[in-house]
Amino acid sequence: MAPSILSADFGSLAEAVGAVANVADWLHVDVMDGHFVPNLTIGPPVVRSLRRHSGLYFDCHLMMTNPGEYLEAFRDAGADGCTVHVEIGGTDELVTGMHELGLRAGLAANPDTPFEALEPYLGDVDLVLCMSVFPGFGGQAFMPEVLGKITQVRHAIDQQGLAVDLEVDGGIDLATAPLVAAAGANVLVAGSAIFCAERPWEATEAIRAAACRERRGA
Ligand code: DX5
Ligand code: ZN
């Protein structure tokens with residue numbers, strides 16, 4: 001489970017992170033540049049501040065046109081892994097750059113980007129992120145049409161025997177978590193379903209339980 005702080009109260013981020021600290025596996029940090037996506041959020045200074053309050057794995061989702069210029073700053077601020085979008089190009093160089101900096105390297109695809117765009121990089125990355133909404137905003141409805149792509153990525157990972165995490169991000173809640181788990185996702189990002197809930201830690205555990213039930217049944 002990777003709670004996304006995009007839906008948390010930005011005025012009390014440390015408190016929000018504390019609310020899920022004991023149940024989250026990762027903390028998902030959504031970085032938006034106002035260019036790749038029509039929204040602005042946070043950058044390395046906020047990651048640095050949060051690092052002082054949390055030992056969680058920081059999973060930084062870089063929705064940026066030029067993430068290469070900021071990878072070192074994110075690493076220095078305390079990011080553990082960074083994920084860049086395949087749509088911006090220059091993937092080989094970005095993945096190499098992340099690894100040289102000691103970051104786990106993720107590659108993300110928007111809902112309308114096909115499996116074939118990710119396929120050539122599966123052997124090079126540590127994580128594939130399938131977006132199940134168009135990135136830019138929290139609280140959007142899950143797009144079931146991405147389930148086919150998630151299944152394709154899972155199949156390829158298993159067939160090639162790769163140690164690659166398969167993350168899904170966007171509209172994940174109690175109802176949709178079982179669907180993506182059944183399709184093969186092993187890392188679930190949830191923003192509003194966690195941070196808009198009265199008790200974020202309970203919401204995190206409930207979503208995890210729903211997903212795990214499905215994986216066992218699969
Ligand atoms: C969307 C972000 C997501 C977002 C998910 O652009 O990448 O991480 O926070 O939020 P929910 O879970 O509300 O769809
Ligand atoms: Zn995200």
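Derivation of every value follows stated rules applied to the coordinates shown; laboratory data play no part. Just so you know, these numbers come straight off a predicted model, no measurement behind them. Neighbour counts run over all protein chains shown; Cβ positions are idealised from the backbone, glycine included.
Scanning the stretch 57-84 for residues that are within 16 Å of ligand 1 (Cβ to nearest atom), not in a helix (DSSP H, G or I) and not small (Gly, Ala, Ser) gives Tyr57, Phe58, Asp59, Cys60, His61, Leu62, Met63, Met64, Thr65, Cys82, Thr83, Val84. The residues on offer are Ala117, Ala141, Ala109, and the sole one that is touching a helix residue (DSSP H, G or I) at 6+ places or on another chain (Cβ under 6 Å) and within 15 Å of ligand 1 (Cβ to nearest atom) is Ala109. Within the stretch 41-56, the presence of at least one residue that is touching a strand residue (DSSP E or B) at 6+ places or on another chain (Cβ under 8 Å) and within 25 Å of Leu162 (Cα to Cα) is confirmed.
Restricting attention to the stretch 176-210, the residues that are assigned to a helix (DSSP H, G or I), of a type in the set (Gly, Ala, Ser) and within 10 Å of ligand 1 (Cβ to nearest atom) total 2.
Looking across the stretch 25-41, the residues that are part of a strand (DSSP E or B) and within 15 Å of the chain's Cα centre (by Cα) come down to Trp26, Leu27, His28, Val29, Asp30, Val31, Met32. Is one or more of the residues making up the stretch 121-137 of a type in the set (Gly, Ala, Ser), in contact with a strand residue (DSSP E or B) (Cβ under 8 Å, 6 or more places away or on another chain), within 16 Å of ligand 1 (Cβ to nearest atom) and on the phi > 0 side of the Ramachandran plot? Checking the stretch 121-137: at least one residue is of a type in the set (Gly, Ala, Ser), in contact with a strand residue (DSSP E or B) (Cβ under 8 Å, 6 or more places away or on another chain), within 16 Å of ligand 1 (Cβ to nearest atom) and on the phi > 0 side of the Ramachandran plot.
A search for C-beta distances below 9 Å between a residue of the stretch 175-191 that is closer than 15 Å to Gln152 by Cβ and any residue that is assigned to a helix (DSSP H, G or I) and within 11 Å of ligand 1 (Cβ to nearest atom), counting only pairs 6+ apart in sequence or on different chains, returns Ala185/Ala177. Scanning the stretch 42-56 for residues that are more than 25 Å from Ala197 (Cβ to Cβ) and in a loop (DSSP other than H, G, I, E, B) yields a count of 2. Condition (residue is more than 15 Å from the chain's Cα centre (by Cα), surrounded by 15 or more Cβ atoms within 10 Å (Cβ to Cβ) and not acidic (Asp, Glu)) applied to the stretch 124-133: is it met by at least one residue? No: the stretch 124-133 contains no residue that is more than 15 Å from the chain's Cα centre (by Cα), surrounded by 15 or more Cβ atoms within 10 Å (Cβ to Cβ) and not acidic (Asp, Glu). Scanning the stretch 113-148 for residues that are part of a loop (DSSP other than H, G, I, E, B) and either without any contact (Cβ under 8 Å) to a residue 12 or more places away in the chain or among the aliphatic types (A, V, I, L, M) (or both) yields Leu122, Val125, Val133, Ala141, Met143.
Residues checked against (1) within 16 Å of ligand 1 (Cβ to nearest atom); (2) surrounded by 15 or more Cβ atoms within 10 Å (Cβ to Cβ); (3) not in a strand (DSSP E or B):
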site: Val153; (1), (2), (3): no, yes, yes
site: Asp158; (1), (2), (3): no, no, yes
site: Glu167; (1), (2), (3): yes, yes, no
site: Leu174; (1), (2), (3): yes, no, yes
site: Cys212; (1), (2), (3): no, no, yes
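Go through the residues of the stretch 45-60 one by one and say whether even a single one is in contact with an Asp or Glu (Cβ under 9 Å, 6 or more places away or on another chain), away from ligand 2 (no atom under 16 Å from the Cβ) and touching a residue at least 60 places away in the same chain (Cβ under 8 Å). No, that holds for no residue. Within the stretch 137-175, the residues that satisfy the criterion of being under 11 Å from Phe115 (Cβ atoms) and away from ligand 2 (no atom under 16 Å from the Cβ) are Gly148, Lys149, Thr151, Gln152, Val153, Arg154, His155, Ala156.
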